[in-house]
Structure formats: C-alpha cells, structure tokens
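Enquirer: This is the structure I have questions about; it appears just below.
Please treat every number below as a calculation from the coordinates, not as lab data. Remember, it's a predicted structure, so these values are computed and weren't measured experimentally. As a convention, Cβ positions derive from the backbone with ideal geometry for all residues, glycine included, and neighbour counts pool all protein chains shown.
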Amino acid sequence: MKYVLSFFLLTILSVPFATGQSNPFAAYNVTWDSLGTDENSSMPLGNGDIAVNAWTEKDGDIVLLIAKADAWSENCQLLKLGRVRISLSPNPFINSKEFTQTLEPGTGEVELKAGKNLVHIWVDANHPVIRIESQTENPVTLKAASEVWRTEKYHLDEAQVNRIQLGHWEWNSNPGGLTFNPDTILSTSSNEVAWCHFNSFSLYPLVFQQQHLDSLLSKYPDPLLHRCFGVVMKGKQLANINNLTLKSSAASKLQQLNIYALTEQTTSPQAWLKDIRSEIASTEKVTENNAWKEHVQWWKDFWNRSWINITGTPNAEKVAEGYAMQRYMTACAGRGAQPIKFNGSLFTVGHDLPVDSISTEAVHNADYRKWGACFWNQNERQIYWPLIASGDYDMLMPWFKMYLKALPLAEDRTRTYFHHGGAAIIETIYFWGLPNVTDFGWNNPSVEVESPYMRYHIQGGLEVVAQMLDYYDNTQDKNFLQKYILPFANAYITYYNQHYKRDSNGKLIITPAQSIETYQVDAVNPTPDIAGLISILAKLQALPVSSTDKQEREFWRKVQAELPEIPLGKTANGKLPPNGKGDADGRATILPAKNYGGEKNVENPELYTVFPYRLFGVGKPELELARSTFHARLNPFGKCWGQDGMEAAILGLTDTAKASAIEAFTSYGTQKFPWFWSKNNDWIPDMDNGGGASTTLQLMLMQTDGKRIQLIPAWPKEWTADFKLHAPYQTTVEAHVEDGQITRLKVTPEARAKDIVIVSQK
C-alpha cells in the first residue's frame, strides 16, 4: 500500500462542522430486561475514587459491591469496602414484564424500572457518597444490610499462602505466612450503620528489612499502619434494626439511602468514625438537587472532552462501543489516590477463581485478583497512554504521582545499593515504589532482585517519562514540567549514566540488563532501553531553553552522544533470528538487544522502537525497516498487554491495526457486562486490554510528532467516524471521516490547521 502525505488546505475549514450528538455516549446505554443472578451480572459505577458493582438478584434484591482506590490492607492488599444488600418490600420488580436495568454512562447512573417504579443508583462525581433513591407507585419499605465477610482474624502459613494466594502473589513463600485482620463493626447512633477495616499492624517494615533497607525506614513513614477505610450508611427515615442493618421507619413511595466512604490514617476505628461523620456533615450541606445537577455536569464535561464514534460495519460499531466503555470505566476508577489496577481495576467480584481454589477461602472472594496488588508497569501503562489523546488529563495524575512520590526512595535505594546517583524503578512495585517481596526473593543476600523476569527490568521508568513529555506537549503545563518531568527524567538518565560502563569508543554498555521480560539477565544493550533514552533525550533537548538550565542541557547532550546504536541484524527464515544470528539472505531487522539469549516470555522488545517510543512510523525515515521488523516478530499478540495494534497503526498497516482493534474490543469474557473483558492473561476486567485497544484506535485516526498532526494514517475506508482528539500545544482536532476522506474538520486553535497532514492511502 502506498501512502501519500498531503498538507491540509485551509479551505476545508469553511465547511460547517458537526459531530452529531452533544453527548456522544448516549447511544451506548446498556439495558437488560431481566433480573440478574449474582455478581457476574453486575454493572460498573464510580466517581473516580469510589466504585460500585451493582446488580440485581432473582428475588429482586439490589446488591452493591463497593471499592475504593486507596483501601490498602495491612498486607498491602487492595480490599473491597464491603457489600450492601438493598431490599424493597413489597418488591415491585419481581415477575414484572416491564422490568429494565439500564446503565447510562452519559450521566454515570444505573436505573431500575418497572412501570412507574424506579430505583436510581449513582456515585456522586463530586462527593464521597453513593446515592440510592427509589420512587414507587405504592408505598414500600427499604432495608439495607451490610454483608461483611471479613469477620474474624485469621492466619495462613507459608504453604497456605502459596496455595490460596488470596490476591497475594507478592507474598508467596513468606516464611512467616500472613495474618489478616477482620473488619470492625462500629456501634453507632440509631440512624446509621458503620463498619471499617483498621490496619493495627503493617508488613511495610518487613519489605524494607527483607530488601536490606532498614536504615531508610525512619525516613519514609509507613503508609499502611493505622490506615482505616470503610463506610457509613444512613438515609431519610431509616433506622438501624441491628448493627448491620437499616430499615425504613414506615412504608413510603420515596426512599433514600446514602453510603459514605472514607480512607485515612488515624488512631482507631472510633477516630475514623468521628472524621467520616464530619465528612458526611460537609457533604450534606449540598442539596440533593444541586448534587445531582453538578454530577450530571461533570459527566457532560467529561464526554464533551473527546470522543470516537464509528459506523459502517457491525465490527466498527463494536469497536466504538468498546472504546466508549473503556473510557467510561476509566472515569469510574481513575481519580483516586492510586492508579487503576490493570488486573480488575476496582471492579473485581470474585469470579472465575483458579481451579485449585475451589475448596479454599478464596472461593467468591471479591478481594482476590490474579497477580496481586502490585503495579506492573508493562500492563498499567496501557491504561494511561490513551488518556493523553482523549484529554483525560486528571486521570493521568494518579499514575504520574505514584512514580514521583516513589522517586526519593528510589534515589536512596540506588545510593544504598550501588553508591551512585540517580534512580531506577523495576517493573513490579508496591505503590510506594519498592519491588514486591516475592520478586526480590526471601533470604536473598544480594541487592539484586532475585526473579530473572524482573531483575533488570527498569525500562518502564523511561516510558513513564515519555508519557509525561507527551502530557506536557499537549498541555504546555510548565509547572508540571518543573515538578514532575525534570526531576524524574534527570534521575533516570543519571542512573543509566552512572550505573553502566563505557566501551572503548566511549559508548554506554548497558549490561547486566534484560530486554523486557522476554530476554533475561544476559542481554547486552537492550533495544527498549536504548530507544527510550533516544526518544526522551531528544524531546528534553527540544524543550524551551527558558524552562531548563545550561548544565541540564549539556548533561543531556553528553549522554545522548554516548548512547549505543539501535541493534540491527537480519531475519532467519523470515523471523527474528535466535540469539541475533540471521540468514545471509535475510531481510534487515531491528533486534531486541545487541546480545540476547532464548525467549522466556512473549513480548517483542525490538518493536519498542515503534511503540511507545515512535522512532519509526509513517512519514519518518526507514519505515520499511520497521515494517520488516514487525512482520518478523516472533510473538503476534493483539489484545491484553499486546502491542500489535499500536505498532501496526504507527507503521500504517491499516488491515492489521483494524484486526487488532476488533480482536481486543470484542475480547468479551463470561460477564453479563461484555466490556469487563476477558481475563486474557490478567484478570477481570482486563483493563490493559481496553487501554491498548483505545490507543490503537486513536493512532489509526491521529498521530503527532512535534507540531505535526497526521490524520487517518491507518483508517479503513469502510469505517465512518466522527472524532474529537487532543494534540500538542493545547490543540483539539474534530473531524468526520467517510470513505477514507476527511469531509469536515475543525482545528482549535485555528492557527494549528497549518500543521495538519492528511495521509492518503492509495
């Protein structure tokens, strides 16, 4: 396929622009016409920090499983806040032929309806409260019961932890086993029910001790110890009939229940109760009517930031649905104190547990998530890349803040271990930045991580810098540049500069190293690391001189001049050569490292030159080299954390990008809500699957490089699209694409129209 780059003509701007719906997500309401069965028939709700799985059961009960982004237990497990069962009597939904349950993402609510009977559920976008309101044709009573399952303190020995895991992969082989605190049921006033989880102890010190960092403990306060999280339930004309249950004082056509949530470090559950009551009092100063108006406005503003609507084929519509739903679920969970978990986000419900867990405590344990509670950069990053082009900058902040907060400890760790400056953060970390204990290894006398999958896997930090730089390109946020990008980037570059030796030509020799997880331990000059350094050093030097200092710029130029070349070789029988040795007649290809061993995983590290670092692509030199490398990859993978779709879009391989987008966006699991995705290699919902697919779709429509904005570089002619996306220099691009042509276009500000390039496919 031949590609022609043509600079956009300003005359097109005279065509009236229209995108159709002001709320582009209204078409994606999800309606079910029957009662559910269990947690596997839930719908997602959330305000970015507090999230809910909401479902009905055959008896008409409404069940809410509640989560919060910072509900970390004593063992650093991300726990649920609890489960609430809401019963109406007489129940208007049982045996009703008119029953519907509708998720309305445009306004962030779930509505249950049967005739004139209505239940409305929403998580206030601006306040820490879940609101449930019923309006019925005839008077009913409402009962709300907490179903606490963490009722007793218990201990698992090492063998039990290894067998059950309970979402604690990070604590496998802990010789001391694990102790789990119960939740605390609090005695309250007559009109509320309250419970919480209080961390009376913490395994945080153990992590430092195990990793030979005892000397740093006093410098970094324990974020787990005395952390307390939970909820208070109350509502109009509701009174507690026991310490777990509220009930209406009288039958009424109008019933209301509010569920408030709070996480804090405090001295006791009783102190927490005092503080959440203060929070409730503050929240209740806002009238219910105003709270709803402000909530609707937040969601309206969110959906008006950006959109991608697609028609033309059934698959196109499925892709559009998937994109919108992924964005919705990100909004539901993406504004909390910690980033979204790739393996389930806040919407795990205890489904599809491992076969070996059938007879254990893990059965239907909503706190369980495969791969545990640590953050895995390779997976997590996929959730955050599409937020740049969608303009969801507020949801990028928890991701960036986690790494920035971890930076001082990472620098101290480097000085303690290696006696030089800079910082590097490995692939799998607790939210404070240290490696998980299983990867580090129990009784490990070394300062090197024991797991060969993670030992030298530090490239992810470079990718975080690349994301930060893209964020800056879009926003031009100079405060973010100074506070986030420069400290983190300089620390990482310093680490590479001081940690590795030079060869006889003065070039860095990056070893010991690994190329992602696939080529381990014995790799030399891994391609992802080199590509990352090339990319971010070039972008740092392109920053305004007024925003950097002379010493920084000289340092960047020095390191840049000392970088090794991207490793190149030839294919072996059309594929990436084992150990770098290709056929004499093979095609030129990028290699995953200068030297590397056999495969230990299924990534394609050589293609990190394409994504995320975009050294090659449409409109750039050596496109055919990158395409040959893509075609020679050993591990085609278009969903979950796979990068095929993004790479294909950047390389202008439209058919492959399209197929990957369809594959990922239709990777439905066993849940009634299809966009919880299959667990793939991770867990349900597989959030990196939806994130990677979203990035693919955006790149098919728009790619940026400095001021240059390329449109439809990999867009199928049979798909019609309306879209609004964000670009560098505070630019938005709104367009209509039909039959492979842009027929309407609006660029804001208008002066940026001169930087538009339309990629024609012939």
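Enquirer: Cross-link partners among lysines for Lys219, C-alpha distance below 25 Å, same-chain residues fewer than 8 apart left out?
Expert: Straight-line reach from Lys219, under 25 Å: Lys401, Lys405, Lys483.
Enquirer: Order of Arg131, Arg381 from fewest to most other C-beta atoms within 10 Å? List each step's numbers first, then the result.
Expert: Numbers: Arg131 20, Arg381 24.
Starting with the residue having the fewest Cβ neighbours, the order is Arg131, Arg381.
Enquirer: Stokes-Einstein at 4 °C, 1.567 mPa s, Kirkwood radius from Cα pairs: D for the chain in µm² s⁻¹? Mind dumping the intermediate values first?
Expert: Values: Rh = 27.3 Å.
Answer, rounded: 47 µm²/s.
Enquirer: Taking all pairs of distinct Cα atoms, average 1/r, flip it, and tell me the Kirkwood hydrodynamic radius of region 572-656 in Å to one decimal place. Spell out each step's value before the answer.
Expert: Working: mean 1/r = 0.0764 Å⁻¹.
Computed over Cα pairs of region 572-656, the Kirkwood hydrodynamic radius comes out at 13.1 Å.
Enquirer: Determine the calculated [θ] at 222 nm for the chain from helices alone, applying -39500 (n - 2.57) to every DSSP H run no shorter than 4 residues and normalising by the residue count; nearest 500 deg cm²/dmol. Walk me through the intermediate numbers first.
Expert: Values: 17 runs with 209 residues, N = 762.
Helices in the chain give a 222 nm mean residue ellipticity of -8500 deg cm²/dmol.
Enquirer: Using only the C-alpha atoms of region 654-717, find the volume of their convex hull and express it per residue in Å³. Intermediate results must be reported in sequence, preceding the final value.
Expert: Values: hull volume 6.0 nm³, N = 64.
Per-residue hull volume (Cα only) is 93 Å³.
Enquirer: Quantify how much of the Cα-Cα distance distribution of region 497-557 extends past 19 Å, in percent.
Expert: On the way: 792 of 1830 pairs.
Cα-Cα pairs in region 497-557 separated by more than 19 Å: 43 percent.
Enquirer: Collect residues whose amide H, placed 1.01 Å from N in the peptide plane, falls under 5 Å from the amide H of Lys570; neighbours closer than 5 in sequence don't count.
Expert: Placed amide hydrogens put Gly582, Thr589 under 5 Å from Lys570.
Enquirer: What list of ³J(HN,Hα) values in whole Hz, one per residue of region 441-452 in order, does the Karplus curve 6.51 cos²θ - 1.76 cosθ + 1.60 (θ = phi - 60°) give from phi, with Gly and Pro shown as x?
Expert: Result, rounded to whole Hz: x, 6, 6, 7, x, 8, 8, 8, 4, 6, 5, x.
Enquirer: Moving on to the next point. Under the Karplus relation 6.51 cos²θ - 1.76 cosθ + 1.60, θ = phi - 60°, what is the ordered set of whole-Hz ³J(HN,Hα) values for region 256-269, x standing for Gly and Pro?
Expert: Those phi angles translate into 9, 10, 10, 10, 9, 9, 8, 10, 7, 8, 8, 8, 6, x Hz.
Enquirer: Moving on. Ordered by residue, what ³J(HN,Hα) values in Hz, to whole numbers, does region 315-325 give under the Karplus form 6.51 cos²θ - 1.76 cosθ + 1.60, where θ = phi - 60° and Gly and Pro are x?
Expert: Per residue, the Karplus-derived 3J(HN,Hα) values read 5, 4, 5, 5, 5, 4, 4, x, 4, 5, 5 Hz.
Enquirer: Within 14 Å, Cβ to Cβ, of Ala281, how many net charges do the neighbouring residues add up to if Lys/Arg are +1 and Asp/Glu are -1? Don't skip to the end; give the middle numbers.
Expert: Details: positive: Lys234, Lys274, Arg277, Lys285; negative: Glu192, Asp275, Glu279, Glu284.
Once all neighbours under 14 Å are counted, the net charge is 0.
Enquirer: Now for a separate question. Lysine pairs in region 656-762 8 or more apart or on different chains: how many have alpha carbons under 14 angstrom apart? Provide the component values of the computation, followed by the final result.
Expert: On the way: Lys658/Lys717; Lys707/Lys754; Lys717/Lys762; Lys724/Lys746; Lys746/Lys754.
Lysine pairs meeting both conditions in region 656-762 amount to 5.
Enquirer: Over region 145-212, what per residue volume does the convex hull of the Cα atoms give, in whole Å³? Could you put the intermediate results ahead of the total?
Expert: On the way: hull volume 6.9 nm³, N = 68.
Each residue corresponds to 102 Å³ of Cα convex hull volume.
Enquirer: Order of Met700, Met468 from fewest to most other C-beta atoms within 10 Å?
Expert: Met468, Met700
Enquirer: Go through region 23-112 and name the GluC sites (Glu not before Pro) that are in a DSSP coil and have 13 or fewer other Cβ atoms within 10 Å of their Cβ.
Expert: The qualifying sites are Glu98.
Enquirer: Further, regarding this structure: For Asp655, what charge total do you get from the other residues with a beta carbon under 14 Å from its beta carbon, if Lys and Arg give +1 and Asp and Glu give -1? Mind dumping the intermediate values first?
Expert: On the way: positive: Arg627, Lys658, Lys717; negative: Asp644, Glu647, Glu663, Glu718.
Taking every other residue near Asp655 into account, the sum is -1.
Enquirer: Right, something else. Count the DSSP beta bridges whose two residues both fall in the chain, then state the antiparallel fraction as a percent rounded to the nearest 5.
Expert: Antiparallel bridges make up about 95 percent of those DSSP assigns within the chain.
Enquirer: Here is a follow-up. Mind checking the log10 I(q)/I(0) for region 234-288 at q = 0.17, 0.25 Å⁻¹? Debye, one equal scatterer per Cα, no solvent, two decimals.
Expert: Log-scaled intensity ratios, in q order: -0.69, -1.09.
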